[in-house]
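The values are calculated or read from the model by the stated rules, or taken from the named source; none is laboratory data. Please read all numbers here as calculations on a predicted model, not as lab measurements. Every residue, glycine as well, gets a Cβ built from its backbone with ideal geometry; the counts of neighbours run over all protein chains shown.
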Amino acid sequence: MRRIQHAFLDEYSDLDSVIHKLDPRAKLIGFVALVVLCVSTPPNLWLAFAVFLALEMTVLFISHVPLRHVLKRMLIVVPFILAVALFIPFFNKGGGSYNLGPLKVSAHGLTILWNVTIKSMVSVFAVILLSSTTPFPDLLHAMEKLKMPRIITTTLSFTYRYVFVLLDELQRMKRARDSRGWSGKWLWQAKVIGHMIGALFLRSYERGERVYAAMLSRGYDGQVQTAYTYRVGVAEIGFLALIVLVPIAVRLSF
Amino acid sequence: MHHRPAVEIRSLLYSYPDGTLALRGIDLVIEEGESVGIVGPNGAGKSTLLLHLNGILMGKGDVRVFGLPVEKKNLQEIRRRVGLVFQDPDDQLFCPTVFEDVAFGPMNMGLSKKEVSLAVSRALRDVGVAGKERRSAHHLSYGQKKRVSIATVLSMRPDLLVLDEPSSNLDPKSRRELSELLQNMPITKILVTHDLPFVFENCDRVVVLSAGRIAADGAAFDILSDEELLAEYGLELPYGFYPVQRQRSKNHDREM
Ligand SMILES: Nc1ncnc2c1ncn2[C@@H]1O[C@H](COP(=O)(O)OP(=O)(O)OP(=O)(O)O)[C@@H](O)[C@H]1O
Ligand SMILES: [Mg+2]
């Protein structure tokens, strides 16, 4: 039973910087606050966005997570920005317009494009920082400690544990299928996909039953307990001051 | 107090909801301290039998563990005392981290955080994977997953260890290490496996299960050297493995 390698969900989260060592609750609150503050900032406050990005760059620098990793992960927002870019500038009239070669673009449209671009970048940057400085299990505990509903944290926890097991299973099925000459060129072969989805569903269902039996065997009675303790210290307060208070101060100063 | 065997099963019948008759009358007594191997062809009912030992399945008949009838009111106590390890570590390990998986049982037992931490470190040390607490099971090798799976029940300090196919998919070194680990554990053990040499190394007694019935039950040496019996139930020793020779070297080791 060979294990197929996948990218880590929380790559670099096992580094050993000051940021990595912070209480995960502080990081969760800090970055979420930063996102909320950023999203609620009017798009014409250029300086505010510069401050947000500078803060994030500072955290990145302290955490020793390579910039290249962040940039790579940030590529996922590009399609969304492009989709917005394609439509909005042309459909929104008002606030004057510019001629870009043969195209006429409204100023209002450009503002919306800028708004979407900068806010999604700052937000995604924050999420990447959070996930690459905090192992996912710690994040789950932070959510639990912050009284996020159990059903959500438990679901996330099983997802984290089994998403790769499931992908491995799918990968193995695909190999078995391709080893027997499946080309995907013929219509009748499409049926095979249906069978595979069915098999995957069945396997997951059966796995679910076995996992539940394993839980019962160790005395599970419907109540999940946790054994983690965290403490909030100077570092956490410093971090929260930096990541929450600075943006608030910037916002208030306009 | 009168004598109580670790496991006492009387005329146990079980059929799955779809009608498959998996156990057709099992009678089995296992004494405390015994180490018993259960062998038999695929579909014989071995795994089904194991699931009756802690009440995951409940069939017709009488099952007692350490004198306690396996029934709803005793389940909590029984599940603490019976450490059942499933074949696939991906079923056994369902938490985000190794620590939480090994802590799951002790937490359900209601131990304090400090006791839980202690139980976890001890169990992980016993199976030789100390220091992997914060890892995700996904990032462990197969051999390490198997060990952690065993740690998940050792942390509950069971009195009976029940392992389904413990040596399957292990490389020879991991398999030998597992064998050593088991031999150093002085509790009652039940191993289900197709790996007859593994049974020979680790068990004094062998039970052959076939089509939901016990076909043979006896000393490991007697059963494993009975070629006719093995052949009848589709069991085969690996080429070049002779119990007689192994027994001699076992005895030799003992005398030294
Ligand atoms: N969930 C289930 N539903 C219906 N029938 C089942 C189920 N699980 C097992 N069976 C059937 O019960 C019988 C005994 O199965 P069991 O898994 O106990 O065999 P086993 O001895 O463990 O086999 P193996 O060596 O393959 O693990 C088989 O005929 C099997 O097909
Ligand atoms: Mg089985």
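General remarks:
- Selection of the stretch B:66-98 for residues being more than 29 Å from residue B:144 (Cα to Cα) and either among the charged types (D, E, K, R) or within 11 Å of chain A (Cβ to nearest Cβ) (or both) yields B:71, B:72, B:73, B:75.
- All positions within the stretch A:36-46 that are touching a helix residue (DSSP H, G or I) at 6+ places or on another chain (Cβ under 7 Å), surrounded by fewer than 19 Cβ atoms within 10 Å (Cβ to Cβ) and of a type in the set (A, V, I, L, M, F, W, C): A:39
- Boolean, residue B:15 is hydroxyl-bearing (Ser, Thr, Tyr) and more than 16 Å from ligand 2 (Cβ to nearest atom): yes
- Matching residues in the stretch B:42-53 - criterion: being more than 9 Å from ligand 2 (Cβ to nearest atom) and at pLDDT below 95: none
- Against the conditions (1) touching a Pro at 6+ places or on another chain (Cβ under 8 Å); (2) over 22 Å from residue B:124 (Cβ atoms), residue B:187 satisfies every one except (2).
- Matching residues in the stretch B:198-212 - criterion: being within 16 Å of ligand 2 (Cβ to nearest atom) and out of contact with any Phe, Trp or Tyr (no Cβ under 7 Å at 6 or more places or on another chain): B:198, B:199, B:207, B:209, B:211, B:212
- In the stretch B:112-143, the qualifying residues are those that are within 12 Å of another protein chain (Cβ to nearest Cβ) and basic (Lys, Arg), and the one that is nearest to residue A:161 (Cα to Cα) is B:135.
- Lone unmet requirement of (1) part of a loop (DSSP other than H, G, I, E, B); (2) within 16 Å of ligand 1 (Cβ to nearest atom); (3) within 14 Å of another protein chain (Cβ to nearest Cβ); (4) in contact (Cβ under 8 Å) with a residue 60 or more places away in the chain for residue B:158: (2)
- Where residue A:156 falls short, out of the listed (1) touching a Gly at 6+ places or on another chain (Cβ under 9 Å); (2) surrounded by 14 or more Cβ atoms within 10 Å (Cβ to Cβ): (1)
- Condition check for residue B:27 on (1) more than 9 Å from ligand 1 (Cβ to nearest atom); (2) closer than 18 Å to residue B:84 by Cβ: one failure, at (2).
- Filtering the stretch B:1-20 to residues that are surrounded by 13 or more Cβ atoms within 10 Å (Cβ to Cβ) and within 15 Å of ligand 1 (Cβ to nearest atom) leaves B:9, B:12, B:13, B:14, B:15.
- A single entry from A:173, A:215 fulfils the requirement of being within 31 Å of the chain's Cα centre (by Cα), modelled with pLDDT of 85 or more and away from every other protein chain (no Cβ under 14 Å): A:173.
- Enumeration of residues in the stretch B:87-141 that are more than 26 Å from residue B:192 (Cα to Cα), outside any helix (DSSP H, G or I) and among the polar types (S, T, N, Q): B:97, B:112, B:136
- Evaluation of residue B:181 against (1) assigned to a loop (DSSP other than H, G, I, E, B); (2) touching a helix residue (DSSP H, G or I) at 6+ places or on another chain (Cβ under 9 Å); (3) away from ligand 2 (no atom under 16 Å from the Cβ) (one fails), failing number: (1)
- Considering only residues in the stretch B:161-178 that are in a loop (DSSP other than H, G, I, E, B) and surrounded by fewer than 21 Cβ atoms within 10 Å (Cβ to Cβ), the one that is nearest to ligand 1 (Cβ to nearest atom) turns out to be B:165.
- Total residues in the stretch B:201-222, condition free of Cβ contacts under 8 Å to residues at least 60 places away in the same chain and more than 29 Å from residue B:13 (Cβ to Cβ): 2
- Qualifying residue in the stretch B:78-85 (condition: under 30 Å from residue B:131 (Cα atoms) and within 16 Å of ligand 1 (Cβ to nearest atom)): yes
- Looking at B:78, B:56, just one residue is part of a loop (DSSP other than H, G, I, E, B) and within 30 Å of residue B:106 (Cα to Cα), and that residue is B:56.
- Within the option set B:75, B:28, being over 18 Å from the mean Cα position of the chain (by Cα), surrounded by 15 or more Cβ atoms within 10 Å (Cβ to Cβ) and more than 16 Å from ligand 2 (Cβ to nearest atom) holds for one residue only, B:75.
- Failed condition for residue B:149, given (1) assigned to a loop (DSSP other than H, G, I, E, B); (2) in contact (Cβ under 8 Å) with a residue 40 or more places away in the chain; (3) of a type in the set (Gly, Ala, Ser): (1)
- Looking across A:193, A:237, A:243, one residue alone is away from chain B (no Cβ under 14 Å), loosely packed, with under 13 Cβ neighbours inside 10 Å, part of a helix (DSSP H, G or I) and within 29 Å of the chain's Cα centre (by Cα). It is A:237.
- Residue within the stretch B:223-230 that is of a type in the set (A, V, I, L, M) and loosely packed, with under 14 Cβ neighbours inside 10 Å present: no
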